[in-house]
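The values are calculated or read from the model by the stated rules, or taken from the named source; none is laboratory data. The shown structure was predicted, so the numbers you read here are calculated from the model rather than taken from an experiment. Cβ sites come from the backbone with ideal geometry, for glycine too, and all protein chains shown count toward neighbours.
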Amino acid sequence: MDTFFLPYTIVLTVIIFLPLYRVVRGPTIFDRMLGAGAVGTKTMVLILAIGFLFDRLDMFVDISLAYAVLNFIGTIAIAKFLGTEKAEE
Amino acid sequence: MIVNFLGMAAAIGGAFFLMVGSVGLIRLPDFFSRNHATGKSDTLGMMLVIFGMMLIEGFTLNSAKLCFVLIFVFLTNPTGTHVLANAALRIGLKPWFRKNAGKGE
C-alpha cells in the first residue's frame, strides 16, 4: 500500500500549492478566504493519506476530523464578521 | 484484492476533481464563479477520496470514523461557501458580466 500512497501524497502536496496563488493575490478579502478554505479541505485529505502511509489511521482520522471542524468554524466566523460590516472593501 | 483496486481508482478520481477545483480557483474571472468552482468540485473530490479510503480500509472502526468525516464534509463544505457568497452579496460585490470585462474585477 505504500507504493500507492507515497506518490499520492506527493501529488496532493503539489495540488495544495495551487490555491495559495489565490490567497496571496486575490482582489478581495473573500477570494483570500475562499483560497484558505480550499487549502484547509485539501489538507484534510492529505492528513488521511499520511495516516495510511504511516499505518496509524486510528490516530490520524481524529486529527482530520478536528481539522475539518476548525476549518468550518473559521470560515463561518470570518463570513459573519465580514457580512455585518458596512464598510466598502 | 479487487476492492483495493476499486478504492485506488476512487482515490485517483477524487484527486482529479481536487485538481480541477484548484485550477478553477486560479483561472475563473470573479469571486462568485470561483466560489462555484471550489464549492462543488472540492466536495465531490473529497467525498470520492474518503470513499476510496473506506473501501481500502475495510469494515472496521476506522472506516466508521471515515464515514463520519464524509458526512461532515458533505454538510459543511457547501455551507461555508454559501455563507461566504452571502456575505459578499450583502457587502455589495458586483458579479462579473462580459460588457464590463475590461473595467477591473
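Being part of a helix (DSSP H, G or I), facing chain B (nearest Cβ under 9 Å) and either closer than 18 Å to B:PHE32 by Cα or in contact with a His (Cβ under 8 Å, 6 or more places away or on another chain) (or both) is true for just one of A:GLY26, A:GLY37, A:GLY51. Which residue is that? Unique residue meeting the criteria: A:GLY37. Which members of the range B:48-70 meet the condition of being surrounded by 12 or more Cβ atoms within 10 Å (Cβ to Cβ) and either at positive phi or away from every other protein chain (no Cβ under 11 Å) (or both)? Within the range B:48-70, B:PHE51, B:LEU55 meet the criteria.
If you check A:VAL39 against the conditions, is it crowded, with 17+ Cβ neighbours inside 10 Å and in contact with a Pro (Cβ under 7 Å, 6 or more places away or on another chain)? In short, yes. Among the residues of the range A:54-77, those that are aliphatic (A, V, I, L, M) and at pLDDT 90 or above comprise A:MET59, A:VAL61, A:ILE63, A:LEU65, A:ALA66, A:ALA68, A:VAL69, A:LEU70, A:ILE73, A:ILE76, A:ALA77. Report whether or not B:ASN86 is surrounded by fewer than 19 Cβ atoms within 10 Å (Cβ to Cβ), facing chain A (nearest Cβ under 7 Å) and among the polar types (S, T, N, Q). Considered against the rule, which asks whether it is surrounded by fewer than 19 Cβ atoms within 10 Å (Cβ to Cβ), facing chain A (nearest Cβ under 7 Å) and among the polar types (S, T, N, Q), B:ASN86 comes out as yes.
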